[in-house]
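Read through the structure below, which is laid out as structure tokens, and then see the notes.
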There are 2 protein chains.
Amino acid sequence: MISFPSDRVSSLFLPTTRELPADAHALSHQLMLRAGLIRQTSAGIYAWLPLGYRVLRHIEQIVREEQNRINAQEMLMPTIQNADIWQTSGRYDNYGPEMLRLKDRHNRDMLYGPTNEEMITQLFAQDVHSYKNLPLSLYHIQWKFRDEIRPRFGVMRGREFLMKDAYSFDISEKHGLESYYAMFAAYLRTFERLGLKAIPMQANTGPIGGNKSHEFVILAETGESRIFCDARLLKLNASQLQGTTEKHIAPWLSFYAATDDEVDMNLYHEQVPPEYRLQTQGIEVGHIFFFGDKYSIPLGAFVETQNGQKVPVQMGSYGIGISRLAGAIIEACHDENGIVWPSSIAPYLVGIINIKNGDLECDSLSQELFSRFQVMNIPCLLDDRNERPGVKFKDMDLIGIPWHIIIGPKNIKEHVVEIKNRKSGERSFLSFDQLESFFKHISPHHPPSPSP
Amino acid sequence: MISFPSDRVSSLFLPTTRELPADAHALSHQLMLRAGLIRQTSAGIYAWLPLGYRVLRHIEQIVREEQNRINAQEMLMPTIQNADIWQTSGRYDNYGPEMLRLKDRHNRDMLYGPTNEEMITQLFAQDVHSYKNLPLSLYHIQWKFRDEIRPRFGVMRGREFLMKDAYSFDISEKHGLESYYAMFAAYLRTFERLGLKAIPMQANTGPIGGNKSHEFVILAETGESRIFCDARLLKLNASQLQGTTEKHIAPWLSFYAATDDEVDMNLYHEQVPPEYRLQTQGIEVGHIFFFGDKYSIPLGAFVETQNGQKVPVQMGSYGIGISRLAGAIIEACHDENGIVWPSSIAPYLVGIINIKNGDLECDSLSQELFSRFQVMNIPCLLDDRNERPGVKFKDMDLIGIPWHIIIGPKNIKEHVVEIKNRKSGERSFLSFDQLESFFKHISPHHPPSPSP
């Protein structure tokens, strides 16, 4: 979890609005604009305002931690690439108008990377030559560009988007598939931590190529892919995953699931009992590929085996759409009043609503709690504006802060504060002294210790 | 400080080399290639390998913490911008061939942002309309592109580079200058924490425009600007800065310093006694500007004052070259054996050198210390390769890890480990039990508590 500073609404760049934005059709897109998370700067290109930026970083951090856990190593490749490596791999012409091509001042053909298979293979080929350095998994989290003809659904199908892409290098297909399944397991855990049910499904390998591929899809009506799956997949729980081999993820492989471009309707009907057949729309949030030597041969990534033979390295690639996830999570986590952030990615864990700004006691208690949360390292947003209580309640709901503390003169007299849970709507009253231990208990920074 | 995982050299992507790279003229560039921090992917464009990536993130984090300290708010703008806002500000034609221009699939003129004054002014103008929301400072840390005709000195003058750029918005020139000096103070503190002596100097406002500007320059022979300054500036210490007003930074403003395009030789000789006159080369690592309404008028960023008047907002912009700093710090921190990272940005605080890999006792002690450091949250690099001790010593020096722990059979018999300080070369012997408290004391994660 990243530690962000606490803020006061009065001085924060948080332009919320009640109006329904024109041209925003997806609900998550509307909410991201209304809650002041993003603003569009060009068609399908967005600036992330302070609240949206925090959410993006939290998602990124969870993805990063799960990549590190399986020993993938973080690095960073640039956004602008030479065209020549894409010509070598054969993808330069295939990629079509979605690739943003450009020329530099010396008239060299370059492009804004939509993905990095070519570049990472070239970097690998320059420096790694022996089985001794394998297995190796590298990843980076970087902006990519895909020049969609009709960008839509806000950040879910933007043109400039943030992606985590990982690449695995192995000495044999057998080892390559082990890396593939380890990444599969990491993805299940990642989405679970993000509060999402992501269903892995057999998928088309598309322009990446290769012979094995799974998409991770979350169910949402705004999704652009039609999916066919066994509803029992929704009951599986990745938080209990004990390892990262094919055996550990077997339950997810055992139920039928496929996107419309891969579905075999006979198989679907044969393998899924009628009561479990689920046909719905989904949003792709991750995609993994095993493609063997597709890039290592043309780009010359060969390694020496233990007995001195030179073989092409076996590769896979693994993407998660980080900026897209911000929208996808809102599709999954909202109600009629606005966003309902899971605590793990909320921009602030606590929102303090001072309903009588200017009242000496209310101001001083608000300020005291604000400082206490800072000491506890719990990011907190204090609404200290001169606005009516109703406006403050509505905004705190809209931006989806998980816990609201309401401070008013009546409660102060009774030596309590009112706490509201954004998700359940439940309200309770706590004495000032109980507050600290309560938040220590629920904070992602201070995981609750096992009860005695 | 960011918490990175510990690693074993045997499985880390760390391609060090003894060979002097061709075409790398700056010493920092040579060392970054030799220590496996970066690789060039196109002229003036680099991939950051795992060690280099860590350094970049540490620098970024120090910059971020000092921006947050003066209440600048982090956000994130995209890399690709519409040309029209640059046409409105009048900079589209002025910027010349260093601007990377491109057309999207609909033939719209776009560009890879070299800076973000236009975009942030437009975002501000859309959502902020009142003095009540001022002062406001926003910043982001994002990749920029400047299509240098001859990129050189590695990441110090690359084409794709990471920059922190901040923007201040104020109701009046007086308030605007307060924001300017607060940022000035934040810069002094930032460079101090990075272990650098950065000298603020009067500078030309160049293509940004405006009427007040300072460059922050570190002294280095590979620097491209000639500088003229009072050597007493080098003695000032920003770690004792008590505030962020003009008064607090007055010592830095009181001594003469200017780059060659701004220097007034008469003033220089008049104000600097001969014994303090310093003419040398420098590297610009930061640049701040106050430019009033230069962008707010053309882009329509007006705010209502307390008495209902509409006035253009007063702006400043503030840049720090984050990727450039990685090179600049190496220029300042190296010796004949390689890089000497300051602890605050080192990729690992501790390197463990097992000089007898395969020896049961050496392996098990190395592993035990490695695990202990992980528990202490001290990032540690264990050299567990089957290489001669000399190779391991040389690599650990080259990559500049601040503390080396040397584990060998002789020391184990005597129940000690040898510790070497990379910077001073000092060696000492500690019992296994003393190790933990020693590293607790020096770790940036565990600042030493005041002695009793």
Breaking point among (1) more than 9 Å from chain B (Cβ to nearest Cβ); (2) touching a Phe, Trp or Tyr at 6+ places or on another chain (Cβ under 7 Å), for A:Phe184: (2)
Somewhere in region B:68-82, is a residue part of a helix (DSSP H, G or I), over 30 Å from B:Trp341 (Cβ atoms) and at the interface with chain A (Cβ under 10 Å from one of its Cβ atoms)? no
Region B:41-63, residues that are of a type in the set (Gly, Ala, Ser) and not in a helix (DSSP H, G or I): B:Ser42, B:Ala43, B:Gly44, B:Ala47
With the checklist (1) without any contact (Cβ under 8 Å) to a residue 40 or more places away in the chain; (2) hydrophobic (A, V, I, L, M, F, W, C); (3) surrounded by fewer than 20 Cβ atoms within 10 Å (Cβ to Cβ) in hand, flag the one item B:Phe255 doesn't pass. (3)
Restricting region A:128-179 to residues that are assigned to a loop (DSSP other than H, G, I, E, B), surrounded by fewer than 19 Cβ atoms within 10 Å (Cβ to Cβ) and touching a residue at least 60 places away in the same chain (Cβ under 8 Å), which is farthest from the other protein chains (Cβ to nearest Cβ)? A:Ser172
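Listed here are the residues, each with its yes/no results for (1) under 24 Å from B:Ile329 (Cα atoms); (2) of a type in the set (Val, Ile, Thr).
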| residue | (1), (2) |
| --- | --- |
| B:Val263 | no, yes |
| B:Val285 | yes, yes |
| B:Phe290 | no, no |
| B:Tyr295 | no, no |
| B:Phe302 | no, no |
Filter region B:1-40 down to residues that are assigned to a helix (DSSP H, G or I) and among the polar types (S, T, N, Q) and give me whichever is nearest to the chain's Cα centre (by Cα). B:Ser28
Looking only at residues that are touching a Gly at 6+ places or on another chain (Cβ under 8 Å) and either within 27 Å of B:Glu117 (Cβ to Cβ) or not hydrophobic (A, V, I, L, M, F, W, C) (or both) in region A:14-29, which one is farthest from the other protein chains (Cβ to nearest Cβ)? A:Ser28
When both residues are 6+ apart or on different chains and their Cβ atoms are under 9 Å apart, which pairs have a first residue that lies in region A:282-309 and is touching a residue at least 60 places away in the same chain (Cβ under 8 Å) and at positive phi, and a second that is buried (at least 23 other Cβ atoms within 10 Å of the Cβ) and part of a strand (DSSP E or B)? A:Gly292/A:Gln314; A:Gly292/A:Met315; A:Gly292/A:Gly316
Per the filter on region B:370-389, residues farther than 16 Å from B:Lys356 by Cβ, in contact (Cβ under 8 Å) with a residue 12 or more places away in the chain and not hydrophobic (A, V, I, L, M, F, W, C) are B:Arg372, B:Gln374, B:Asn377, B:Pro379
Quick one: count up the residues across region A:47-83 that are more than 12 Å from the chain's Cα centre (by Cα) and β-branched (Val, Ile, Thr). 3
Residue in region A:100-114 that is closer than 28 Å to A:Gly282 by Cα, free of Cβ contacts under 8 Å to residues at least 24 places away in the same chain and either assigned to a strand (DSSP E or B) or among the small types (Gly, Ala, Ser) (or both) present: no
Taking region A:33-56 on its own, how many of its residues are farther than 20 Å from A:Ser6 by Cβ and more than 9 Å from chain B (Cβ to nearest Cβ)? 5
Note on region B:4-27: residues crowded, with 19+ Cβ neighbours inside 10 Å and in contact with a Ser or Thr (Cβ under 8 Å, 6 or more places away or on another chain) are B:Ala26
Which numbered condition A:Asn354 fails, given (1) outside the structural domain of A:Pro151 (by TED's automatic domain parsing); (2) modelled with pLDDT under 95: (2)
Inside region A:390-428, can you point out the residues that are touching a residue at least 24 places away in the same chain (Cβ under 8 Å), among the hydrophobic types (A, V, I, L, M, F, W, C) and outside any helix (DSSP H, G or I)? A:Ile399, A:Ile401, A:Trp403, A:Ile405, A:Ile406, A:Ile407, A:Val417
Of the numbered conditions (1) farther than 23 Å from A:Gly195 by Cβ; (2) buried (at least 21 other Cβ atoms within 10 Å of the Cβ); (3) more than 9 Å from chain B (Cβ to nearest Cβ), A:Ile59 fails exactly one; give the number of that condition. (1)
Kindly indicate which of A:Arg39, A:Arg34, A:Arg69, A:Arg91 is of a type outside the set (Gly, Ala, Ser), in contact with a Lys or Arg (Cβ under 9 Å, 6 or more places away or on another chain) and crowded, with 19+ Cβ neighbours inside 10 Å. A:Arg34
For the list (1) within 12 Å of another protein chain (Cβ to nearest Cβ); (2) within 25 Å of the chain's Cα centre (by Cα), I need the number of the one condition that B:Leu102 fails. (2)
From B:Glu436, B:Glu387, residue being surrounded by fewer than 20 Cβ atoms within 10 Å (Cβ to Cβ), of a type outside the set (A, V, I, L, M, F, W, C) and in a loop (DSSP other than H, G, I, E, B): B:Glu387
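The values are calculated or read from the model by the stated rules, or taken from the named source; none is laboratory data. These figures come from a predicted structure and were not determined experimentally. Cβ: placed from backbone, ideal geometry, glycine included. Neighbour counts: every protein chain shown.
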